[in-house]
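Asks: Let me give you the structure first, and then I'll get to my questions.
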Amino acid sequence: MVDHLNRVIRGCQENKPEAQRELYDMFKTKMFGICLRYAGNYDDAQDVLQDGFIKVFEKINQFGFKGAFEGWIRKVMVNTALERYRIHYRQVPVDEHMSEIDQEETKNVFSDIDVADLVKIIQELSPRYRVVFNMYAVEGYSHKEISDMLQISEGTSKSNLSRARAILQEKISRYYVKSVQTY
């Protein structure tokens, strides 16, 4: 499998359309899931996916076969989503001394919800909250890394994450109340 993937990557590095198509087919579903988490809707996610694959094919010669290709392509997709976000949305700084939501309260709020429903609820967040939430909770970036990538302060990153968690907790609570009432 690894040898096959390496042959496909080399074909892409040689600009072979059949290799590009195969690489796209191999990774489109998983990468679309990443794009969907950052985008506000299905159509925006499709745009990010398309832009991301264009960048993958433009930059594939930078992949040096050191480390996992999936990690490399994932990073390209996340950076494409973040670039789109920076172009379309401005960060509004918030009070850096805003009190944090008790993390113990929000710690388990996501554990019992269906993944598709959670993605749908996350997409309802405002772009600034959605991006910070995804970067921190899903991608595992630190607040320092987020602040550098989005050109915001660490305090703003923390506040946006805290607010995103509070909003998600409220939405999930309403979702469960509604779903329990329908049974």
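Asks: Under 6 Å by Cβ, and 6 or more places apart or on different chains, what pairs join a residue from the range 52-64 that is among the charged types (D, E, K, R) with one that is surrounded by fewer than 16 Cβ atoms within 10 Å (Cβ to Cβ) and in a helix (DSSP H, G or I)?
Replies: none
Let's see how each residue does on (1) touching a Lys or Arg at 6+ places or on another chain (Cβ under 7 Å); (2) at pLDDT 95 or above; (3) surrounded by fewer than 17 Cβ atoms within 10 Å (Cβ to Cβ); (4) assigned to a helix (DSSP H, G or I):
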{"residue": "GLN20", "(1), (2), (3), (4)": "no, yes, no, yes"}
{"residue": "ASP43", "(1), (2), (3), (4)": "no, no, yes, yes"}
{"residue": "ASP47", "(1), (2), (3), (4)": "no, no, yes, yes"}
{"residue": "LYS55", "(1), (2), (3), (4)": "no, yes, yes, yes"}
{"residue": "GLY67", "(1), (2), (3), (4)": "no, no, yes, no"}
{"residue": "GLY71", "(1), (2), (3), (4)": "no, no, yes, yes"}
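Asks: List pairs: first residue in the range 143-154 and in contact (Cβ under 8 Å) with a residue 60 or more places away in the chain, second residue assigned to a helix (DSSP H, G or I) and of a type in the set (Gly, Ala, Ser) anywhere in the structure, Cβ distance under 6 angstrom, at least six positions apart or on different chains.
Replies: The qualifying pairs are SER153/SER147.
Asks: Can you spot a residue in the range 109-122 that is in a loop (DSSP other than H, G, I, E, B), among the charged types (D, E, K, R) and at pLDDT below 90?
Replies: Yes, the conditions are met somewhere in the range 109-122.
The values are calculated or read from the model by the stated rules, or taken from the named source; none is laboratory data. What you see is a predicted model; the values in this text were computed from it and never measured. Virtual Cβ from ideal backbone geometry, glycine too; neighbours counted across all protein chains shown.
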